[in-house]
1. All but one of (1) open to solvent by less than 60 Å² (accessible area, probe 1.4 Å); (2) under 22 Å from residue B:43 (Cα atoms); (3) touching a helix residue (DSSP H, G or I) at 6+ places or on another chain (Cβ under 7 Å) hold for residue B:119, so report the exception by its number.
2. Give me the pairs: first residue in region A:37-60 and under 15 Å from residue A:14 (Cβ atoms), second residue exposed (fewer than 15 other Cβ atoms within 10 Å of the Cβ), beta-carbon distance under 6 Å, and six or more apart or on different chains, which are they?
3. Under 8 Å between Cβ atoms, which residue pairs at least 6 apart in sequence (or on different chains) link something in region B:53-72 that is over 19 Å from residue B:38 (Cα atoms) and in contact (Cβ under 8 Å) with a residue 60 or more places away in the chain with a partner that is open to solvent by less than 30 Å² (accessible area, probe 1.4 Å) and part of a helix (DSSP H, G or I)?
4. Considering only region B:319-336, how many residues are surrounded by fewer than 19 Cβ atoms within 10 Å (Cβ to Cβ) and more than 16 Å from residue B:360 (Cβ to Cβ)?
5. Can you list the helices (runs of 4 or more DSSP H) lying wholly within region B:17-107 that have 2 or more residues being within 18 Å of residue B:128 (Cα to Cα)?
6. How many residues does region B:1-37 contain that are open to solvent by 90 Å² or more (accessible area, probe 1.4 Å), within 30 Å of residue B:100 (Cα to Cα) and of a type outside the set (Phe, Trp, Tyr)?
7. Within region B:109-140, how many residues turn out to be within 14 Å of residue B:70 (Cβ to Cβ) and outside any loop (DSSP other than H, G, I, E, B)?
8. From the set of residues in region B:211-267 that are of a type in the set (Asp, Glu) and more than 12 Å from chain A (Cβ to nearest Cβ), which is least open to solvent (accessible area, probe 1.4 Å)?
Amino acid sequence: MQKKILIVDDEPHILKMVENRLKFSGYETITAQDGNEGLKKAQEQKPHLILLDILMPGMNGFQTLKKLKEQEDTRNIPVIILTAKGQPQDVEEAINLGASDYVVKPFTPIVLLEKINKVLEGPKGQ
Amino acid sequence: MDNCQQEKNKVQQELLESQERYRVLVETIPDIIYELDTEGKFVFVSEAVEMLGYKPQELMGKHFSEIIHPDDIAKVSRETVLLQYKGKVTGDEEAPKLFDERRTGKRATKNLEVRLLHKNKRSTPEDYFYGEVHSSGNWQEVGQQKRFVGSIGIIRDITKRKIVEKILTRAKEELEMQTLELRKANDNIKKLYRELENKNKELQALDKLKSDFLSMVSHELRTPLTTIREGVSQVLDGALGPISQQQREFLSISLDDIERLERIINELLDISKIESGKLDLKLEYVDLVGLVKNICIIFGTQAQKKNLALRQNFSKENIGIFIDKDMISQVLTNLVGNAIKFTQEGYVEISIEDKDDFVECSVKDTGCGIAEENLPKIFEKFQQFSRVAGPGEKGTGLGLSIVKGIIDIHRGKLFVESKLNCGSKFSFILPKITLKEVMEDYIAKGLEEASSYNSSFSIINFGVNNFEALLKTIGPEKCNFVLGNLEQLVRLYLRKKSDLVIRENHPLFIILPLTEKTVAIKIMQRILSNFNNFLLTNRLNTLVSIYSKVFSFPQDCKTKDEFLNFLEIR
């Protein structure tokens, strides 16, 4: 079965590139340009995984992540955060909020695909 | 009558003898002994006065002021001094001191300092002696009454003492002057030091600005570049439909140069990190032989294309050492890449030798070599010498300075030997750091980070119970298999870059910066249950039993030594 991935990022260029790369690698994709749209699409379409940018105008990645983990129907969807800073406190906060992994921007498609694979097929309970 | 005369003669004789004895006594004393009459004129002076150039008889009847320095006469004469004391009562101590003293006993003059003049040497104001005078009034009994007949005194020559005193005083004054000057100089130095400190702070701020700027610029350049590369490579990969041969060729050229630009930006970023001291060593126990073998696999096709032999030469099958794996890989990639780039025929040889306290690694080639005059500059930034490189192999001139920076922060040493047209040999040595030193470093860093972010720091410790016994029953190979699998499993559970696995052989430690004890325990339990599954599927569960512990700051350990103690690292 094709796995469905939701990409939440405010940068249209990155959104487009990541979307196309994931499609090419055999995933089904959904995109959202901000946190609210992301939350809504997560609830409606139940993706297998969410790629979530931290630095976004309006509701940022942390707030979105918190809401995703609070809601019963989205709680179990693994989230990989996209962080531009790569500061230990940033990653720490996201992991504490329930993120499964993180990717530091700018990332190569290989790293991104590896992390997606690891989270989707990694040890249970991660 | 005869008797009386005899008695008289005898008394006279004795008197003469006594007088003679006293005369000899007086003349033997090196001090000047004098006697004045009531008007202060000499009636006797001993021969010692010759030190002033006078014969005693010359002074007879002359006033004592004859031999006194004109400036001192008024200070030591009864006539002038006593006028000042008229109507005053003084104690013994403050009583006036006089050359022609009238008083006797306790109140007589002692230690009166006076300058004396030589009879003939009076040409300069410096020509005088110093005398110390003790004098007393001379009273004779007349019937029931005492009558003042003059003064008796002695003058001791204290010139030498005074000169020494003067020299000492002058020396003291000079010392005081010098102390004062030193103090001034010291103040100036302090001022300069403060200025330097301020300048230094400014420079540090500037330097920080520079590296902040550089990393900001690099980051800003990298972000759009990633999108560009991704776009080009997706078209090349056919993700957007089929492309023609010519389109492929042009996009490949673009991609090559995009990758080159990325390398340059990464190298600039590396250099700025090295220069600002921001490069953090992530030490792991690595088998250098395995690492070099991997690098050789990567460069295999490139060497084959140029028909170069890629030789490997190891002193042992495995050479384990604590290093930053990524950084040393970068060093080896750089040196091997350079060697292949600048060698047209012959071979490239990589050797590793395990010495007792360090490991030596070298990359030798039979390439074009480096001219002697260029060798000293070889590790400087942006240095590129006219070594002939193949097409598309232009470097940035930063590679070797990054190599040097990496070896430096490993506290190692880098050497180069080269001869033009005969090839080059780059070697580096890496000191062997002990497990204890590595752990000490990480614990110190973890504690510092935890306290500055007001957070926690945890270490998980995994090991095999009765490891020594197990080593005997199942052998080292199987033990390695178990521990290697444990390490691999642990790596799957690391959450972020700063999480670290440290294992020399046995046991294994997981460093978890900024991690609470409850979180660390969860991680430990997940690993443990998965590892027990592994043991079960490999039918090792009856042989191998695993122990696991978590120690956290601040609950369990507050200091580095407490951590080391609990983890039994000695």
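1. Checking residue B:119 against (1) open to solvent by less than 60 Å² (accessible area, probe 1.4 Å); (2) under 22 Å from residue B:43 (Cα atoms); (3) touching a helix residue (DSSP H, G or I) at 6+ places or on another chain (Cβ under 7 Å), the one that fails is (1).
2. Short answer, once both residue conditions are applied: A:55/A:84.
3. Between residues of region B:53-72 that are over 19 Å from residue B:38 (Cα atoms) and in contact (Cβ under 8 Å) with a residue 60 or more places away in the chain and residues that are open to solvent by less than 30 Å² (accessible area, probe 1.4 Å) and part of a helix (DSSP H, G or I), the close pairs are B:54/B:67.
4. Narrowing region B:319-336 to residues surrounded by fewer than 19 Cβ atoms within 10 Å (Cβ to Cβ): B:320, B:325-326, B:329-330, B:333.
Restricting the remaining residues to those that are more than 16 Å from residue B:360 (Cβ to Cβ) gives B:325-326, B:329-330, B:333.
Qualifying residue count for the region: 5.
5. Numbers: elements: B:56-59, B:70-76, B:78-84.
The qualifying helices (runs of 4 or more DSSP H) are B:70-76.
6. First, the residues of region B:1-37 that are open to solvent by 90 Å² or more (accessible area, probe 1.4 Å): B:1-3, B:6-8, B:10, B:12-17, B:19, B:21-23, B:25, B:28, B:30.
Pick out the ones that are also within 30 Å of residue B:100 (Cα to Cα) and you get B:15-17, B:19, B:21-23, B:25, B:28, B:30.
Applying the additional criterion that residues be of a type outside the set (Phe, Trp, Tyr) yields B:15-17, B:19, B:21, B:23, B:25, B:28, B:30.
Total satisfying the criteria: 9.
7. Going through region B:109-140 one residue at a time, the tally reaches 3.
8. Pass one, region B:211-267, residues of a type in the set (Asp, Glu): B:212, B:220, B:230, B:237, B:249, B:256-257, B:259, B:262, B:267.
Restricting the remaining residues to those that are more than 12 Å from chain A (Cβ to nearest Cβ) gives B:212, B:249, B:256-257, B:267.
Values: B:212: 54, B:249: 100, B:256: 96, B:257: 97, B:267: 36 Å².
Here the answer is B:267.
The values are calculated or read from the model by the stated rules, or taken from the named source; none is laboratory data. Owing to the predicted nature of the structure, the values given are computational and were not obtained by experimental measurement. Glycine gets a Cβ as well: all are built from the backbone with ideal geometry, and neighbour counts include every protein chain shown. Side chains included, ligands, DNA and RNA excluded: accessible areas come from the protein's heavy atoms. Shrake-Rupley method; radii C 1.70, N 1.55, O 1.52, S 1.80 Å.
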